[in-house]
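Where a number appears in this text, it was derived from the coordinates with a stated rule and is not lab data. Predicted model only: the values in this text are computed from it and were never measured. Here the Cβ is made from the backbone with ideal geometry for all residues, glycine too, and neighbour counts use every protein chain on show.
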Amino acid sequence: MRDMGSLSTGAGLLLGPNDPPACTTITGEGSAPMLLVCDHASNRIPASLGGLGLSEAERARHIGWDIGAAEVAKALAAGLAAPLILAGYSRLVIDLNRAPEEATSIVEVVDGTVVPGNLALSPQARVQRRAELHAPYHGAIAATLDGLRERGVAPAFIAVHSFTPALKGTARPWHLGVLWDRDPRLAVPLLARLRAETGVEVGDNQPYSGRAGYGYTAATHAGTRSLPDVLIEVRQDLIADAAGARRWSALLIQALTDVVPAALAARTV
């Protein structure tokens, strides 16, 4: 196998001319006072990394992306008339919802699977991934928020993720999770609104906690701008097909429509 750590920091060495961009911005109508982001929208690997030494089946597992999250995010963007920024590459290359200097931003082993292309990476290869994937994605988010601010819009910040029905033998009963840290303006009313739905199990900072390092994107962009924010998790088996994505997106569209206006009107924390 090729030396995955031998890439230099020269421009264009990670993403070649036939690779898609690091992220995609969908503006659509984009008239709602919200910004949607999807950190783990894709399981794509840059051609230069040779699939990171993993099979296509391995890359298609939850370790490579948040299954169904991109479809839900796109449906939310369309239904809410909100702009959306989608990550273009797999979390296995670099996790965009982690600080780039953290060891967990580029994993060597995940859910029992060794990622050969991430073993013994050189510092130059790490810098390359940050420069060509992490920085452009977060730059696009910052630029979109700056543009909204210039128009006098301080939007709600909504990150869309998905989670596995079970992990390491432990079942996860929640249909949805609402992750948040210190700002309750959006998360607390959204929790209440979703829990009012019959038969819907909603986790408060479950199956992950927004207070335990799982909210880097929101903290970086919403937290520094005092924007109400939330990270929404949807269980992957519920949105693995188009019908499921439509059903849960419709529920979330209505819930967010109900609670976002008051969250935006609330005083900053």
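What value in Å³ per residue do you get for the convex hull of the alpha-carbon atoms in the chain?
On the way: hull volume 33.8 nm³, N = 269.
Per-residue hull volume (Cα only) is 126 Å³.
Multiply the residue gap between THR198 and SER226 by 0.36 nm, knock off their C-alpha separation, and tell me the result in nm, one decimal place. Before the final figure, lay out the partial values.
Values: separation 28, 0.36 × 28 = 10.08 nm, distance 3.28 nm.
The THR198-SER226 span can extend by a further 6.8 nm.
Once you keep just the Cα pairs under 8 angstrom separated by 6 or more residues, what percentage relative contact order results for region 118-268? Show your work: numbers first, answer last.
Details: 182 pairs, mean separation 45.2, N = 151.
Reported as a whole number, the value is 30 percent.
From the phi of every residue in region 46-58, what ³J(HN,Hα) in whole Hz does the Karplus formula 6.51 cos²θ - 1.76 cosθ + 1.60 yield, where θ is phi - 60° and glycine or proline is x?
x, 4, 5, 9, x, x, 6, x, 9, 6, 4, 5, 5
Just to check I understand the Karplus step: with θ = phi - 60° and J = 6.51 cos²θ - 1.76 cosθ + 1.60, what whole-Hz values come out for region 83-97, glycine and proline as x?
Values per residue, Gly and Pro as x: x, 9, 10, 10, 5, x, 9, 5, 4, 5, 6, 6, 7, 6, 9 Hz.
Taking just the C-alpha trace of region 123-269, give me its Rg and Dmax in Å.
16.4, 52
For the chain, set up a Gaussian network in which alpha carbons nearer than 10 Å are linked by springs, and say which option among VAL234, VAL259, VAL114 fluctuates the most.
Ranking VAL234, VAL259, VAL114 by mean-square fluctuation puts VAL114 first.
Could you check which residue among ASN18, ASN97, ASN205 shows the biggest mean-square fluctuation in a GNM of the chain with a 10 Å Cα cutoff?
Looking only at ASN18, ASN97, ASN205, the biggest GNM fluctuation is shown by ASN18.
Cut-off 14 Å, label point 7 angstrom out along Cα-to-Cβ of THR27: give me the residues of region 67-88 whose amide nitrogen falls inside.
82-85
Short version: ³J(HN,Hα) in whole Hz for each residue of region 156-162, in order, from phi by Karplus 6.51 cos²θ - 1.76 cosθ + 1.60 (θ = phi - 60°), x for Gly and Pro, what are they?
Values per residue, Gly and Pro as x: 6, 10, 10, 9, 10, 9, 9 Hz.
Residues of region 33-64 with backbone nitrogen within less than 12 Å of a virtual label 7 Å along the Cα-to-Cβ line of ALA99, please, listed as ranges.
Flagged as within label range: none.
Give me the percent relative contact order of the chain, please, defined on Cα pairs under 8 angstrom at least 6 residues apart.
23 percent
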